Amino acid sequence: MKSPQISVALSTYNRVNMVPRMIECILGQDFCDFELLLINNGSDDNTDLVCQNYQERDSRIRFLTLPQNLGPGGAKNFALQKAIADFICFVDDDDYCEPNYLSLLYNSITQFGADIAVTGCVDEFEDKIVPKFSYEEVYVWCKTEAVSEFLKREKFNAAPPTKIFRKSLFNNISFRTGKGPDDIHVIYKLFTEAEKVVVRGNPTYRFHKHADNVTVYVTENRINGDILNDYLKMQKDRVVYISEKLPVLSPQVRYAAWSYMISMVDKIQNGHGEDCNNQLAYMLKQLSNNQDEFLASVWVTEREKRLMGKYVAKNMGGHYEEV
């Protein structure tokens with residue numbers, strides 16, 4: 001029997017009431033040549049029973065159980081070990097997608113011989129729906145162009161579910177295991193390894209934003225100190241990685257780190273941080289030490305200039321810890 005064209009990885013942990021919606025969305029795709037790796041990531045509810053029932057209904061499902069929770073990154077690494085297709089997608093158990101999600105991604109990546117293809121998305125909150133990165137254009141970028149656009153954060157969502165990857169990109173790259181964001185330390189590396197990236201603005205993936213969602217703490221006005229530590233560590237590592245792999249983008253990746261810092265400083269100073277004092281002091285120190293280059297950058301915005309004048313000029317000292 002020939003291998004499927006796409007491996008779709010769906011891991012779930014104690015979301016027995018949420019995961020059926022995503023399973024149904026994948027099974028209802030207008031692109032049928034896929035395997036669904038349905039992974040129970042150490043759940044202690046009725047997830048096993050629900051997933052087994054789905055496996056009995058559809059031969060494209062491979063149900064796998066991890067004896068203990070490995071975090072979202074550990075489950076993704078496990079999926080990469082088990083996947084048999086040349087291309088792989090990662091979807092989340094609390095989200096859902098449109099029927100053309102897989103076909104759009106697969107047609108994009110194969111039509112242009114790309115290593116990564118990206119789709120548009122929608123953010124769904126309890127009280128509102130926010131379209132993100134929705135447009136008619138199709139962008140085909142080489143490695144340097146793709147990483148540059150990734151740093152700009154203007155044309156696509158950075159999270160894995162909006163993408164299909166050539167699985168070989170992961171030969172020397174893996175997700176971080178344990179708690180906290182698993183993908184932020186990986187996606188920029190995959191873009192740096194990809195020779196070609198295709199981006200479409202069709203909003204085929206829908207992110208469900210709710211209280212039990214890690215990204216809420218950084219995408220809304222709620223900043224948790226531990227998660228902020230992860231993001232600051234990522235920014236620091238990303239500057240080194242991209243500067244070594246693509247030296248021409250070194251000024252831009254440094255700017256992107258400072259841009260992130262000043263936006264977080266503003267949120268914390270406006271009362272939206274939880275246990276962020278050390279991180280605040282660290283960011284202010286970094287911004288103070290590098291303000292000349294940051295403010296002279298071709299990417300710096302007027303808002304960033306105003307925030308630098310508001311917060312950094314009068315916060316030159318103080319205790320800080322290395323992140």
> Where residues in the stretch 93-106 are of a type outside the set (Gly, Ala, Ser) and touching an Asp or Glu at 6+ places or on another chain (Cβ under 6 Å), which of them is surrounded by the most Cβ atoms within 10 Å (Cβ to Cβ)?
Replying inline: 100
> Checking residue 70 against (1) buried (at least 21 other Cβ atoms within 10 Å of the Cβ); (2) of a type in the set (A, V, I, L, M, F, W, C); (3) modelled with pLDDT of 95 or more, which single condition isn't satisfied?
Replying inline: (3)
>> Out of the residues in the stretch 255-275 meeting the condition of being at pLDDT below 95 and among the small types (Gly, Ala, Ser), tell me which one is surrounded by the fewest Cβ atoms within 10 Å (Cβ to Cβ).
In response: 271
>> Checking residue 30 against (1) touching a helix residue (DSSP H, G or I) at 6+ places or on another chain (Cβ under 6 Å); (2) crowded, with 18+ Cβ neighbours inside 10 Å, only one condition comes out false. Which one?
In response: (2)
> Are there any helices (runs of 4 or more DSSP H) wholly within the stretch 223-323 with 2 or more residues that are under 21 Å from residue 188 (Cβ atoms) and under 25 Å from the mean Cα position of the chain (by Cα), and if so which?
Replying inline: 225-245, 250-269, 277-289
> Is there any pair linking a residue in the stretch 127-152 that is free of Cβ contacts under 8 Å to residues at least 60 places away in the same chain to one that is aromatic (Phe, Trp, Tyr) and assigned to a helix (DSSP H, G or I), with Cβ under 8 Å and at least six apart or on different chains, and which?
Replying inline: 146/191; 150/188; 150/191
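Yes/no matrix, rows are residues, columns are (1) out of contact with any helix residue (DSSP H, G or I) (no Cβ under 7 Å at 6 or more places or on another chain); (2) within 23 Å of residue 10 (Cβ to Cβ):
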residue	(1), (2)
140	yes, no
162	yes, yes
170	no, yes
178	no, yes
181	no, yes
185	no, yes
204	no, yes
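Looking at the structure I just gave you, is residue 120 on the phi > 0 side of the Ramachandran plot and under 23 Å from the mean Cα position of the chain (by Cα)?
Details: on the phi > 0 side of the Ramachandran plot: no; under 23 Å from the mean Cα position of the chain (by Cα): yes.
The answer is no for residue 120.
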> Going by the structure shown, is residue 134 of a type in the set (Gly, Ala, Ser), out of contact with any Lys or Arg (no Cβ under 8 Å at 6 or more places or on another chain) and assigned by TED's automatic domain parsing to the domain that holds residue 34?
Replying inline: yes
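For (1) buried (at least 17 other Cβ atoms within 10 Å of the Cβ); (2) outside the structural domain of residue 140 (by TED's automatic domain parsing); (3) at pLDDT 95 or above, each residue gets a yes or a no:
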| site | (1), (2), (3) |
| --- | --- |
| 24 | no, no, yes |
| 39 | yes, no, yes |
| 46 | no, no, no |
| 76 | yes, no, yes |
| 88 | yes, no, yes |
| 91 | yes, no, yes |
| 108 | yes, no, yes |
| 113 | no, no, yes |
> Do any strands (runs of 3 or more DSSP E) lying entirely in the stretch 105-215 carry at least 1 residues that are β-branched (Val, Ile, Thr) and within 26 Å of residue 81 (Cα to Cα), and which ones are they?
Replying inline: 116-124, 163-166, 196-208
> Checking residue 250 against (1) buried (at least 17 other Cβ atoms within 10 Å of the Cβ); (2) free of Cβ contacts under 8 Å to residues at least 12 places away in the same chain; (3) not aliphatic (A, V, I, L, M), which test does it fail?
Replying inline: (1)
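Select from the stretch 2-38 the residues that are of a type in the set (Val, Ile, Thr) and more than 16 Å from residue 90 (Cα to Cα) and list them in ascending order. If you could, list the steps in order and put the result at the bottom.
Just the residues of the stretch 2-38 that are of a type in the set (Val, Ile, Thr), to begin with: 6, 8, 12, 16, 19, 23, 26.
Of everything in the stretch 2-38, just one residue is of a type in the set (Val, Ile, Thr) and more than 16 Å from residue 90 (Cα to Cα), namely 16.
The values are calculated or read from the model by the stated rules, or taken from the named source; none is laboratory data. Not measured: the values here are computed from a predicted model. Backbone-built Cβ (ideal geometry, glycine too); neighbour counts: all protein chains shown.
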